[in-house]
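Down below is the structure, laid out as structure tokens.
The values are calculated or read from the model by the stated rules, or taken from the named source; none is laboratory data. Quantities reported herein were computed from a predicted structural model and do not represent experimental measurements. All Cβ positions, even for glycine, are placed from backbone atoms using ideal geometry, and neighbour counts span all protein chains on display. These accessible areas exclude ligands, DNA and RNA; they are computed on the full protein's heavy atoms, side chains included. Shrake-Rupley method; radii C 1.70, N 1.55, O 1.52, S 1.80 Å.
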Amino acid sequence: MEWTHLAGIKTLNMHLNTGIYFTLPHTRVWINEQYESNFLELLYESYVVLYHLAETYNVELCIENTGNFYIPYIRKALDQLSIFDNFYLTWDVGHDAKAGFEEKPVFNHFKNRIKHMHLHDYNGKLDQQALYSGIVPINNSLDFAREHDCSVVIEVKTSESLTESVARLKNSFK
């Protein structure tokens with residue numbers, strides 16, 4: 001965060017990892033879910049330090065969805081971290097689409113804590129696709145970002161996809 005501050009970067013993005021799992025004959029067992037109280041305690045202790053550093057360096061530390069915000073123990077973690085004044089989220093709309101939009105209720109709940117957006121499309125197989133090439137409601141996402149004063153990054157994999165996305169974006173607002 002010190003480097004982020006020195007570089008003039010105002011937003012730092014993090015993922016909230018679901019952790020590892022073991023595959024049993026008929027199910028997956030997530031370690032963080034199995035030991036949820038330990039997971040939540042250790043996460044809280046870590047974020048006490050991280051949020052203090054973020055405040056010290058005037059950085060918005062945002063937690064990005066990776067298709068996991070609807071998982072109960074991850075949602076509990078978000079609820080727990082939301083007690084911090086500088087708890088913020090990054091809404092990756094392509095990851096939300098890939099998760100079947102199951103994360104949308106979490107973002108509705110925390111809509112005033114969303115500070116940043118990763119904008120890309122999802123075509124049913126792959127995310128980080130060019131804008132307007134899949135099922136993500138791009139214009140609705142941009143309306144949300146505008147209404148909530150969120151920064152937005154077009155997150156695609158190639159320069160061609162970026163060029164195509166920008167052109168499509170310009171055409172959609174003519």
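Listed values, structure above:
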quantity	calculated
Neighbourhood charge, 13 Å Cβ-Cβ cut-off, centred on His52 and excluding it, Lys, Arg +1 and Asp, Glu -1	-4
Relative contact order, percent, the chain [alpha-carbon distance under 8 Å, six or more residues apart]	16 percent
Label-point separation in nm, Leu162 to Lys174, each point 7 Å along Cα→Cβ	2.4 nm
About the Cα centre, charge dipole magnitude for the range 74-174 (Lys/Arg +1, Asp/Glu -1 at Cβ), debye	100 debye
Ranked packing of 43-52, 58-67, most packed first, by mean Cβ within 10 Å	58-67, 43-52
Relative contact order %, the range 51-134, counting alpha carbon pairs below 8 Å whose residues are six or more apart	27 percent
Accessible area of the range 1-152 divided out per residue, in Å², using a probe of 1.4 angstrom	54 Å²
Tensor-based shape of the range 50-142 (alpha-carbon gyration tensor, a/c under 1.5 rounded, otherwise prolate or oblate)	prolate
Net dipole in debye of the chain [+1 Lys, Arg Cβ; -1 Asp, Glu Cβ; about Cα centre; nearest 20]	520 debye
Burial order of peptide ranges 141-154, 25-38, 74-87, 115-128 (average beta-carbon count within 10 Å, highest first)	115-128, 74-87, 141-154, 25-38
Amide hydrogen neighbours beyond the local backbone of Leu89, cut-off 5 Å, H modeled	Ile63, Ile114, Lys115, His116
Rg and Dmax of the range 90-174, Cα atoms only, in Å	12.2, 35
Selection from Val48, Phe84, His26 lying farthest towards where the dipole of the range 20-128 points positive, charges on Cβ	His26
For Rg and Dmax of the Cα atoms in Å, calculated from these coordinates, the label among (1) 17.2, 55; (2) 16.3, 51; (3) 15.0, 46	(1)
